[in-house]
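Participant: Below are the structure tokens for one structure; questions will follow.
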Amino acid sequence: MLALVLACSLGAQERAWEYWKNSDRYLSDQAEEILNNVDATLLAYPPSAKPSEARRLAFTALDAVLHETRYDNSPLFHAFMDKRLQRVADQLKQPARSGLSIYKLYNDGFIVKTKKLTVGFDICGNRKGVKVIPDALLKEFTEFCDVIFISHRHEDHADLLVVKFASEAGIPVYGPADFECEGFNILNPSGPENKVLKARNGYELPVLVIPGHQVKLLNNIYVVTLPGGKTIAHFGDQDLEADNEMVFGAPALMKKRLDIMIINGWNPYLEATVKSFNPRVVLSGHENEMFHGIDHREALWLTQYKFDTLAFPMPAYTLVWGESFRYR
């Protein structure tokens, strides 16, 4: 026993000596250890409306690393992202299953796959000149889709390269009027409006377009009716109080109850918006947008805290990049 204690003490001491006068290396090694453990924990404990303590701890650990700006464009960040998003690409290559398979990419980017149609929302791989998603993988994600929607022109939601890839593949891309880009279809209704839009495969897709705003910037909210009748809404960065009467009244134009709501966790009217649309399930978006200041990166633990405490009558799920949700 004494020999074991001495050996452990010496091991700890030698490990400590390795980092003397090298705090950057220590922090890098520690972050790598945290990210590897977070990835393994999230795989072991997938999305749940009542997440386990292990999953909650993984949220907090990931937030702690991602709220340190030294990792914004680091090999550690890119390795973590690439690994998780490559899993999504591998899953998207598999035959579609019944119901909806919803994949969370980076920030507020989502892909929704059904047996007859695949829809993309706010697919984005570039931010301030940094390739958050490698071009080859971004091209794969784009080409999986039959139609793509962009909520607003901010570069963490609207990616010129995605529009280019989509145009080359014959995939229609729809978005607000102030996003100036070739190969792009403008949707600019004066109020909530039901439309029928064409997808690449010729499918006619019913979409309720709600013209909202992020502050003064146009922000389209899309309520899409998928093959089989399931409905899904993506809210982008909607946050303007003056839009609330219009937004909260929009569900009256829907023919059936909303199935899935994807909403930015920092929405200042989160509870009222959720209650007005009354979805069967809520999914979170927009946590940990890199390259913002620390005070402007929405934490996973904070989204989960809101979902725990707000009076939602339906299940709400906090998702991490590279995770999926099955709805049947």
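The values are calculated or read from the model by the stated rules, or taken from the named source; none is laboratory data. Only a predicted model underlies this, so the values are computations on that prediction, with no experimental measurement involved. Every residue, glycine among them, receives a Cβ derived from its backbone with ideal geometry; neighbour counts consider all protein chains shown.
Participant: Give me a count of the residues in the range 292-314 that are modelled with pLDDT under 95 and in a loop (DSSP other than H, G, I, E, B).
Facilitator: 8
Participant: Search the range 255-276 for residues that are under 12 Å from residue 224 (Cα atoms) and pair each with any residue that is small (Gly, Ala, Ser) and surrounded by 18 or more Cβ atoms within 10 Å (Cβ to Cβ) when their beta-carbon atoms are under 6 Å apart and the residues are at least 6 apart or on different chains.
Facilitator: 258/233; 261/233; 262/285
Participant: Inside the range 51-92, can you point out the residues that are without any contact (Cβ under 8 Å) to a residue 40 or more places away in the chain and farther than 19 Å from residue 37 by Cβ?
Facilitator: Within the range 51-92, just 90 meets the criteria.
Participant: Another one. Check 97, 70 and return the single one that is in a helix (DSSP H, G or I) and surrounded by fewer than 16 Cβ atoms within 10 Å (Cβ to Cβ).
Facilitator: Working: 97 fails: in a helix (DSSP H, G or I).
After applying the criteria, what remains is 70.
Participant: Could you tell me which numbered condition residue 37 fails, if it satisfies all but one of (1) part of a helix (DSSP H, G or I); (2) in contact with a Cys (Cβ under 8 Å, 6 or more places away or on another chain)?
Facilitator: Result: residue 37 fails condition (2) only.
Participant: Okay, moving on. Which residues, taken from the range 132-159, are within 17 Å of residue 82 (Cα to Cα) and in contact with a helix residue (DSSP H, G or I) (Cβ under 8 Å, 6 or more places away or on another chain)?
Facilitator: 132, 133, 134, 135, 137, 138, 139, 140, 141, 142
Participant: OK, next. Among (1) more than 21 Å from residue 131 (Cα to Cα); (2) touching a helix residue (DSSP H, G or I) at 6+ places or on another chain (Cβ under 9 Å); (3) modelled with pLDDT of 95 or more; (4) of a type in the set (Phe, Trp, Tyr), which single condition is residue 184 missing?
Facilitator: (3)
Participant: Might you let me know whether the range 294-306 holds any residue that is closer than 20 Å to residue 78 by Cα, over 17 Å from the mean Cα position of the chain (by Cα) and in contact (Cβ under 8 Å) with a residue 60 or more places away in the chain?
Facilitator: Looking for residues that are closer than 20 Å to residue 78 by Cα, over 17 Å from the mean Cα position of the chain (by Cα) and in contact (Cβ under 8 Å) with a residue 60 or more places away in the chain, one finds at least one in the range 294-306, hence yes.
Participant: Scan the range 120-161 for residues that are buried (at least 23 other Cβ atoms within 10 Å of the Cβ), among the small types (Gly, Ala, Ser) and modelled with pLDDT of 95 or more and jot them down.
Facilitator: Hits for the range 120-161 are 120, 151.
Participant: Oh, and also: Could you tell me which of the residues 115, 83, 164 is more than 15 Å from the chain's Cα centre (by Cα), part of a loop (DSSP other than H, G, I, E, B) and either modelled with pLDDT of 95 or more or more than 25 Å from residue 238 (Cα to Cα) (or both)?
Facilitator: 115
Participant: Which one of these does residue 208 not meet: (1) in contact (Cβ under 8 Å) with a residue 40 or more places away in the chain; (2) not in a strand (DSSP E or B)?
Facilitator: Status for residue 208: all satisfied but (2).
Participant: Hey, another quick one. Against the conditions (1) in contact with a strand residue (DSSP E or B) (Cβ under 8 Å, 6 or more places away or on another chain); (2) under 28 Å from residue 245 (Cβ atoms), where does residue 148 fall short? Just the number, please.
Facilitator: Condition not satisfied by residue 148: (2).
Participant: Turning to a different aspect of this structure: Restricting attention to the range 251-291, which residues are outside any helix (DSSP H, G or I) and surrounded by fewer than 16 Cβ atoms within 10 Å (Cβ to Cβ)?
Facilitator: 255, 256, 257, 268, 278, 280
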